[in-house]
Amino acid sequence: MMKAVEVRGTQASPEVTLNPAVPKPSPKKAEILVKVHAAAVTRDELTWEELWRRPLRIPGHDISGEIAALGPDYQGDLRVGDEVYSMIHAFRGLGQAEYVIVESSEVARKPRLLNHAQASAMPIPLLTAWEAIFERAQVQKGWKVLVTGANGAVGVILVQMASRLAGAEVVAVSSPQHHETLKQLGASQVVDYNTPNWEDTIKDVDVVIDTVGDPILTKTWKTVKSHGHIITVGPPPAAWEYGKGRPDELDEFPNVKWLFFIVVPKSEILEKAAQLIDNGTIKPIAIELFSPDKASQAHKSASIRNRKGKVVIEFVPEKN
Ligand SMILES: NC(=O)c1ccc[n+]([C@@H]2O[C@H](COP(=O)([O-])OP(=O)(O)OC[C@H]3O[C@@H](n4cnc5c(N)ncnc54)[C@H](OP(=O)(O)O)[C@@H]3O)[C@@H](O)[C@H]2O)c1
């Protein structure tokens, strides 16, 4: 048996507890069993539909730990004892537990420079930023990219990847206390979302990458050039859900392309990103640590604005 965070109650009123006796999984076919050292909590993850479709609701998609066992059909190059980090697919989760099963397409060796707690905060932000910049928007050198929620977990990686890897001019929207850090991470322009009509001061944006949703998302339409893109991963307004209508703003800005997407795990991107972290190109995300018996507080903290960092539940405390 193992300890796992469990969500009870209802979707409207979730209750987070620590279940001390959940059956420990064992890897079948080509599955990989990871002993979880740390699991991060993503803002809003308790609202994700997929969690509520599962009979045993263990949340958690971002983890770091060591390989405990390999399924009988596993043929990759990972070995028992290897230190890995992983994004577990949105449909499965189950990461906030002492052990979890991952697929080989979801896992890579963790960045050597980071401890497990730091590494566990990285997979979803890294994969989301990569997919938005390189696969969805295909950002080109010199493009102007506006990032909302720029000081958030996904935002700080977007700012770094767009400026340092894609060579874009980045406009970062955040509260003012983060402006200096965001400039150091590569932003060319910083904008305070508390300033009335801030959107009127920005023009000719090629791509907006939004991590907030409304009310910020709506304002960004004014900043985009004709035929530019708006890409959002934030909690989407109803009209943006896949296949269910169109944004009202298209009436005024008919040529702007718009997209909401849900990130999928890719081990090859995690591998590449680990190298970018180890060679200093991408700086880690600030974290806030909680022990498993404080899981309820950890989830409450993850939904609070102006946090110190991404919330991480540590199952195996670091030795130092
Ligand atoms: N679709 C996908 O595949 C996908 C992937 C990753 C994340 N997400 C979602 O994307 C969102 C961001 O994730 P995250 O991990 O980056 O969260 P996070 O670390 O909590 O960051 C959230 C950011 O949004 C800003 N923000 C929140 N409300 C705001 C408002 N009303 N006005 C202006 N700024 C506001 C926060 O700024 P302050 O600090 O100033 O409050 C912060 O910068 C979450 O909802 C998450 O579930 C979706």
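Of note, T220 satisfies the criterion of being more than 20 Å from the chain's Cα centre (by Cα), within 12 Å of the ligand (Cβ to nearest atom) and surrounded by 18 or more Cβ atoms within 10 Å (Cβ to Cβ). Considering only residues in the stretch 32-62 that are at pLDDT below 95 and outside any loop (DSSP other than H, G, I, E, B), the one that is nearest to R109 (Cα to Cα) turns out to be E45. For the stretch 129-147, the count of residues that are under 14 Å from the mean Cα position of the chain (by Cα), of a type outside the set (D, E) and outside the structural domain of G186 (by TED's automatic domain parsing) is zero. When the stretch 31-51 is filtered for residues that are touching a residue at least 12 places away in the same chain (Cβ under 8 Å), open to solvent by 50 Å² or more (accessible area, probe 1.4 Å) and within 16 Å of the ligand (Cβ to nearest atom), the ones remaining, listed by number, are R43, D44, T47, W48. From the list E135, E83, E131, the lone residue that is in contact with a Lys or Arg (Cβ under 9 Å, 6 or more places away or on another chain) and either under 14 Å from H37 (Cβ atoms) or away from the ligand (no atom under 11 Å from the Cβ) (or both) is E83. The set of residues in the stretch 140-172 that are away from the ligand (no atom under 13 Å from the Cβ), surrounded by fewer than 24 Cβ atoms within 10 Å (Cβ to Cβ) and assigned to a loop (DSSP other than H, G, I, E, B) comprises Q140, K141, G142, W143, A166, G167. The strands (runs of 3 or more DSSP E) found wholly in the stretch 76-139 and carrying at least 3 residues that are closer than 17 Å to V154 by Cα occupy 83-87.
Select from the stretch 44-63 the residues that are in contact with a helix residue (DSSP H, G or I) (Cβ under 7 Å, 6 or more places away or on another chain) and more than 14 Å from P14 (Cα to Cα) and list them in ascending order. Selection gives H61, D62, I63.
Listed here are the residues, each with its yes/no results for (1) in a loop (DSSP other than H, G, I, E, B); (2) within 16 Å of the ligand (Cβ to nearest atom).
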position	(1), (2)
W258	no, yes
E268	no, no
L289	no, yes
D293	no, no
I304	yes, yes
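For the stretch 306-320, a tally of residues being within 10 Å of the ligand (Cβ to nearest atom), touching a residue at least 60 places away in the same chain (Cβ under 8 Å) and open to solvent by 20 Å² or more (accessible area, probe 1.4 Å) returns 1.
The values are calculated or read from the model by the stated rules, or taken from the named source; none is laboratory data. What you are looking at is a predicted structure, and each value in this text was computed from that prediction instead of being measured. Because the Cβ atoms are built from the backbone with ideal geometry, glycine has one as well, and the counts that use them run over all protein chains shown. Ligands, DNA and RNA are excluded from the accessible area calculation, which covers all protein heavy atoms including side chains. Shrake-Rupley method; radii C 1.70, N 1.55, O 1.52, S 1.80 Å.
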